[in-house]
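**Q** Sharing a structure with you now.
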Amino acid sequence: MTRSSEGRALDDTDRKILRLLRSNCRLTTQEIADQVGLSPTPCWSRIKRMEEAGVITGYVALLDPEQVGKPDTVIVEINIESHDDDRIEEFSRYVLNLPEVTDAYLTTGEYDYVLIAAVDGTEGYEQFLRKKLLKFPGIRHTRSTFCLRRLKREPSPSV
């Protein structure tokens, strides 16, 4: 059994529910209950408990980047000049407001941050870089890599 952050163990039925929701969050409680061998009320209670415990943090629709005009993915590694707590928090908040950024990580190693951005080609990336990202004062260095093809994308870890 795996423990949630709340300390309560996730049993096999919880894991089955999570796998079903991970693959299709539009399933009804009845459909989930049927597939895991529960009646709807206990199934709903388990889902609600996992939501309240923070095991389930939300439900999303995954968009096709090409269909929404952002067919290219760029990995941007960033170093900032100052590493004091206030500056790190300020940059972290700044990144949250950049709509092109789909993932953002504070990292160890050679770079301070790694961002994943969805853009419309090199021109879209240039606009993002020059008119948005580099407007933040204190960026010392960036390095960018265009992705040729996405091999795997999982929005949540497997259970």
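The values are calculated or read from the model by the stated rules, or taken from the named source; none is laboratory data. All of these numbers come straight from a predicted model, not from anything done at the bench. Cβ placement follows ideal geometry from the backbone for every residue including glycine, while neighbour counts extend to all protein chains displayed. Ligands, DNA and RNA are stripped out before the accessible areas are found, and what is left, the full protein with its side chains, is counted by its heavy atoms. Shrake-Rupley method; radii C 1.70, N 1.55, O 1.52, S 1.80 Å.
**Q** Using only Cα atoms, find the angle between the long axis of helix 121-131 and the longest principal axis of the chain, and express it within 0 to 90 degrees, rounded to the nearest 10.
**A** 70
**Q** While we're on this one: Mind giving me the nanometre distance, one decimal, between the label points for Ser39 and Arg87, set 7 Å out from Cα along Cα→Cβ?
**A** Inter-label distance under the simple model: 6.1 nm.
**Q** Also, quick follow-up: Can you tell me the 0 to 90 degree angle between the C-alpha axis of helix 12-23 and the longest principal axis of the chain, rounded to 10?
**A** Roughly 50 degrees, rounded to the nearest 10.
**Q** When the Karplus curve 6.51 cos²θ - 1.76 cosθ + 1.60 is applied with θ = phi - 60°, which whole-Hz ³J(HN,Hα) does each residue of the range 71-77 get, with x for Gly and Pro?
**A** Whole-Hz 3J(HN,Hα) from phi for the range 71-77: x, 10, 10, 10, 9, 10, 9.
**Q** Could you work out the relative contact order of the chain? I mean the mean sequence separation of Cα pairs under 8 Å and 6+ apart, divided by the number of residues, in percent.
**A** Relative contact order here is 24 percent.
**Q** Turning to a different aspect of this structure: In the chain, carbon and sulfur make up what percent of the accessible area (probe 1.4 Å)?
**A** 48
**Q** Can you list residues from other chains, or at least 5 along the same chain, whose modelled amide H is less than 5 Å from the amide H of Ile80?
**A** Here Asp112, Arg140 satisfy the definition.
**Q** Can you tell me the accessible area per residue over the chain, all protein chains present, probe 1.4 angstrom, in square angstrom?
**A** I get 67 Å² per residue for the chain.
**Q** A further question follows. With everything on Cα atoms, drop me the angle between helix 40-52 and the longest principal axis of the chain, reported from 0 to 90° to the nearest 10.
**A** Roughly 30 degrees, rounded to the nearest 10.
**Q** Given the rule -39500 (n - 2.57) for each run of at least 4 DSSP H residues, summed and divided by the residues of the chain, what is its mean residue ellipticity at 222 nm, to the nearest 500 deg cm²/dmol?
**A** Mean residue ellipticity at 222 nm (helix-derived): -10500 deg cm²/dmol.
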